[in-house]
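Worksheet for the structure shown next.
The values are calculated or read from the model by the stated rules, or taken from the named source; none is laboratory data. Since the structure is predicted, the reported quantities are computational estimates derived from the model, not experimental observations. Positions of Cβ are backbone-derived with ideal geometry, glycine not excepted, and every protein chain shown enters the neighbour counts. Surface areas here come from the heavy atoms of the whole protein model, side chains and all, with no ligands, DNA or RNA. Shrake-Rupley method; radii C 1.70, N 1.55, O 1.52, S 1.80 Å.
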Amino acid sequence: MTAQASQLTSAQEPAAVSPAAPVIRVEGLQAFYGAQQVLFDVDLTVMPGEIMVVMGGSGSGKSTLLRHLVGLSRPAAGRVELLGLDITRARSMEMLALRRKIGVAFQGGALFSSMNVLDNIMLPLREHARLDRKTMEIMARLKLEVVNLAGADALMPSELSGGMLKRAAVARAIIMDPTLLFFDEPSAGLDPTVSSALDDLILKLREAMNMTMVVVTHELESAFKIADRITILDQGRILLVDDVAGVRRSDNPRIQNLLNRRSEETEVDAQAYLQRLTGETPTPPAATNETPEAS
Amino acid sequence: MTAMLRVAEGLGRGVLRGADEVGFAAALFVESLFWAVLGPARRQPVRLPAVFAQMLQIGLEALPIATVLAATIGMMLAIQSLYSLGLFGAEHFATVGIGLSVVREFAPLIIGILIAGRSGSALAARFSTMMINQEVDALRVIGISPVRFLVAPALIAMMIMVPALTMWAILVALTAAGLLVTAALEISLGAYFADLISVLSVNDLTHGLGKSVLFAALIALVSAVNGALADGGAEGVGRRTTRAVVHSIAAIIMVDMIFAFVVTSG
Ligand SMILES: Nc1ncnc2c1ncn2[C@@H]1O[C@H](COP(=O)(O)OP(=O)(O)O)[C@@H](O)[C@H]1O
Ligand SMILES: [Mg+2]
């Protein structure tokens, strides 16, 4: 399995060749906020050791997909399988065991503001492992070094810069040496050099710890740099799943828009704008959700 | 007609949402209890340091203002009772009235409202900030129940500290009242307390403290529910905090009324 994983990581290999079991398998996922459907029939497969980047404009449903992948939201329909466990049906003890094998770095870091950096990073260990404090501190400091935050242990989250916050969040996400790591918008709100350094960190982590990663981003440059494969979400539907070259080649106009940096945001806004013009309330009428659209 | 329908609809929706939140609060209570009792066996205990930290915040920091409030209420009650009973030449009964109303009504109510305003708002602000910053999501993803980690410690701390503060308020209010009563009736403080003890029963004390335990749970749960429902950034935190305080105080007063009704009719 390790051999296959490393094969996959050598970028050009198409994932479909590998007979290894996928680490993540999503089938027919549907998600709603109230009456508003935000994910339509999403399928997704991620292989061991792969870095899967989920791209799409803001409001396309990336974060919602991530919430379903990590079990924070229950799907209205469909199944989500992580490391062979169907998390929509898992019992709480199975889920707890699974949680030790996955790490999540949230968009804003989501560090606990009442604890310093070291205590934040140690918290998963304190909960899941029976170790003495000294050992846990050493393990936490090791992870701080991995993310280039050595020496920041005693700082409070409010004293960290945006880039440092995300790094600390990564350190907390990898403290249990997870096999699966999820990232929401690692580069959002960071200046280019800091965000590029974070991309390097993601690549370094995969190399050093052979993790499988799902990275949500709307930054094209970052996606092309780190991705083995890219999933493009558009208004809750998957438009394309392919490697970097395949995405570049695609002649789908919406993807070309994305590539040419013609802001996809304006298009999403355009729809909202239309809704406003037609006097619809923010929730779109049920009819549009049910009739499959031609274009 | 349509206007009336709209009012009825709004009312209906409000009631439904209210019922939803009451159900949510009840679920939080049961789950907190579950973790407190069964958590240790599952190696997921409610952490005592978290409870102590909350107790310190709720209790110690409220002590000065609670003392001042209780003393003021005690004196006001004394002045009022001495005056109104004096109209009938019955000042000697002042002790009875003061004792009963402080122990059964005033101390629990004043402390309940005080803590709802101080700690309830702080709790709601903390919970909703954590919600909006995805700290609650982070807990769940790590495999830590937010109820066990956040709600249970606050609930337990409340249910210990509010009755403790109420007990303190009873002592302070009765002493403060005593200073005025003893001067007016020209009796010793010892005689005043002896009078009180002969008038008050254990039942009165359990009534007052029992209510304060109930108020404590209400404050913690209303704050937790409002925190959990927070959305919409810093503005959302502010809205939720205000709502939590208003709703806890309303809940306290309503429960107090129901309590009085049930007890006197039973
Ligand atoms: N808590 C929520 N309540 C209601 N609607 C939401 C909520 N979160 C997201 N949405 C809506 O769902 C859609 C997808 O949002 P999201 O998954 O956050 O997209 P992205 O992460 O790609 O920007 C958007 O239209 C957004 O307005
Ligand atoms: Mg997002």
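With respect to the stated conditions, A:Phe112 is open to solvent by less than 30 Å² (accessible area, probe 1.4 Å) and under 20 Å from B:Ala50 (Cβ atoms). Considering the conditions (1) in a loop (DSSP other than H, G, I, E, B); (2) open to solvent by less than 30 Å² (accessible area, probe 1.4 Å), B:Val141 is excluded by exactly one of them, (1). Scanning the range A:81-92 for residues that are open to solvent by less than 30 Å² (accessible area, probe 1.4 Å) and either touching a Leu at 6+ places or on another chain (Cβ under 6 Å) or in contact (Cβ under 8 Å) with a residue 60 or more places away in the chain (or both) turns up just one, A:Leu82. Any residue at all in the range A:28-42 that's away from ligand 1 (no atom under 16 Å from the Cβ) and at pLDDT 90 or above? Looking through the range A:28-42, at least one residue is away from ligand 1 (no atom under 16 Å from the Cβ) and at pLDDT 90 or above.
The one condition from (1) surrounded by fewer than 17 Cβ atoms within 10 Å (Cβ to Cβ); (2) within 16 Å of ligand 2 (Cβ to nearest atom) that A:Met95 does not meet is (2). Per the listing B:Gln80, B:Gln57, B:Gln44, the residue uniquely farther than 18 Å from B:Leu28 by Cβ, within 13 Å of chain A (Cβ to nearest Cβ) and surrounded by fewer than 24 Cβ atoms within 10 Å (Cβ to Cβ) is B:Gln57. Look at the range A:58-76: where a residue is closer than 13 Å to B:Arg140 by Cα and a partner is near ligand 2 (Cβ under 9 Å from one of its atoms) and open to solvent by less than 20 Å² (accessible area, probe 1.4 Å), sitting 6+ places away or on another chain with Cβ atoms under 8 Å, you get A:Ser73/A:Thr64. Of the residues contained in the range A:243-253, none is found to be within 16 Å of ligand 2 (Cβ to nearest atom) and open to solvent by less than 60 Å² (accessible area, probe 1.4 Å). Each residue in the range A:162-198 was checked for being open to solvent by 40 Å² or more (accessible area, probe 1.4 Å) and on the phi > 0 side of the Ramachandran plot, and 2 of them qualify.
The range A:84-195 holds helices (runs of 4 or more DSSP H) entirely within its bounds, and those carrying 2 or more residues that are at pLDDT below 90 map to A:92-99, A:117-128, A:162-173. Do we find that A:Lys62 is of a type in the set (Lys, Arg) and within 13 Å of ligand 2 (Cβ to nearest atom) in this structure? Judged against the criteria, A:Lys62 is a match.
Picking from residues in the range A:204-230 that are open to solvent by less than 10 Å² (accessible area, probe 1.4 Å) and away from ligand 2 (no atom under 16 Å from the Cβ), the one that is farthest from the other protein chains (Cβ to nearest Cβ) is A:Ile230.
Tallying residues that are in contact with a helix residue (DSSP H, G or I) (Cβ under 6 Å, 6 or more places away or on another chain) and within 16 Å of ligand 1 (Cβ to nearest atom) within the range A:209-225 yields 3.
The residue that is nearest to the other protein chains (Cβ to nearest Cβ), counting only those in the range A:130-161 that are in contact (Cβ under 8 Å) with a residue 40 or more places away in the chain and open to solvent by less than 80 Å² (accessible area, probe 1.4 Å), is A:Pro157.
Criterion applied to B:Ala260, B:Ala234 was being more than 16 Å from ligand 1 (Cβ to nearest atom), within 14 Å of another protein chain (Cβ to nearest Cβ) and modelled with pLDDT under 90, and the one residue passing it is B:Ala234.
Quick check: is even one residue across the range B:194-203 closer than 21 Å to B:Met161 by Cα and assigned to a helix (DSSP H, G or I)? Within the range B:194-203, one or more residues are closer than 21 Å to B:Met161 by Cα and assigned to a helix (DSSP H, G or I).
When restricted to residues that are of a type outside the set (Lys, Arg), surrounded by fewer than 24 Cβ atoms within 10 Å (Cβ to Cβ) and more than 8 Å from chain B (Cβ to nearest Cβ), the range A:98-108 contains 1. Is it the case that the range A:167-180 has a residue that's of a type in the set (S, T, N, Q), under 25 Å from B:Ala138 (Cα atoms) and away from ligand 1 (no atom under 16 Å from the Cβ)? Yes, that holds for at least one residue.
From the list B:Ser128, B:Ser119, the one residue that fits, being within 30 Å of B:Gly236 (Cα to Cα), crowded, with 18+ Cβ neighbours inside 10 Å, over 19 Å from the mean Cα position of the chain (by Cα) and of a type in the set (Gly, Ala, Ser), is B:Ser128. The residue that is nearest to the other protein chains (Cβ to nearest Cβ), among those in the range A:43-63 that are near ligand 1 (Cβ under 7 Å from one of its atoms) and hydroxyl-bearing (Ser, Thr, Tyr), is A:Ser63.
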